[in-house]
Every structure is written in structure tokens, then in C-alpha cells.
1. Only one of (1) part of a helix (DSSP H, G or I); (2) within 17 Å of residue 107 (Cβ to Cβ) fails for residue 5. Which number is that?
2. Can you list the strands (runs of 3 or more DSSP E) found entirely within the range 16-112 that contain at least 2 residues being surrounded by 14 or more Cβ atoms within 10 Å (Cβ to Cβ) and at pLDDT 95 or above?
3. Tell me which residues, restricted to the range 67-112, are over 14 Å from residue 47 (Cα atoms) and aliphatic (A, V, I, L, M).
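The values are calculated or read from the model by the stated rules, or taken from the named source; none is laboratory data. Just so you know, these numbers come straight off a predicted model, no measurement behind them. Don't worry about glycine lacking a Cβ; one is built from the backbone with ideal geometry, like all the others, and counts go over all protein chains shown.
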Amino acid sequence: MKTVFHLIAGDEDQQKTGLTIAENLSKDETVDMNDIAVVAQANGIEPLTKGGTHSDVVESLLDAGISFKACSNTLDLKDLEESDLVDGVETVSSGAAELTRLQDDGYAYVRP
């Protein structure tokens, strides 16, 4: 199974909830997970930035094998550079396109 989590809101509690659910899923031995990804765009990008709220959680989840993808359009809109992101975060052409690709590839979609 494969799951993609969508971080789009600026609410810190909602972001933390999404990251916690992704972490819990990665540790759940009752499901056979092949991949867990997190796509962040709009105001949901903040945890993926160096020094951002919950960036320490993002680093930990990257180390645990969860992939993180940042929307390039959001980076442009917020005047952020790839170097502003936590090491290991991938940039994608757009959050919407990446979500569409992943869902087409069989990923379940979760938006906390």
C-alpha cells in the first residue's frame, strides 16, 4: 500500500497532526506499507523549511524513510529557495500535479 499526505493549511496543529498520522502509519505493523509521501504546498510548506515549526519532525520522518515533496510554485510565491528547505526534501513542479501523479499511481490520499 502507498499513502500520500497533503499539507496545505497554515495551522500548526493541523500540520503536526498530519505529520503524526504519517509517523503512526509508518510504525503500524498491521498494514503493509510500500511508501509514504508528504506533499506540501501553500501555507503547508512551513514545516519543510529549515528552522520551521515541526522541521525537526520532518527531519526525523525523512530518516525513517518517509519522502517529502515541496511545491515549486509555492516556493516561488513565498520567495523561498530550495536551500531554505530541510535537507532531503524534494521539489516538484507543482503540488497539485504531484498529488495527481501519486494518486494515479495508486496512492491513497489523506488530508488531515
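1. All conditions are met except number (1).
2. Working: elements: 35-40, 67-71, 90-92, 108-110.
Those strands (runs of 3 or more DSSP E) span 35-40, 67-71, 90-92.
3. Listed by number, the residues that qualify are 77, 92, 96, 97, 99, 102, 108, 110.
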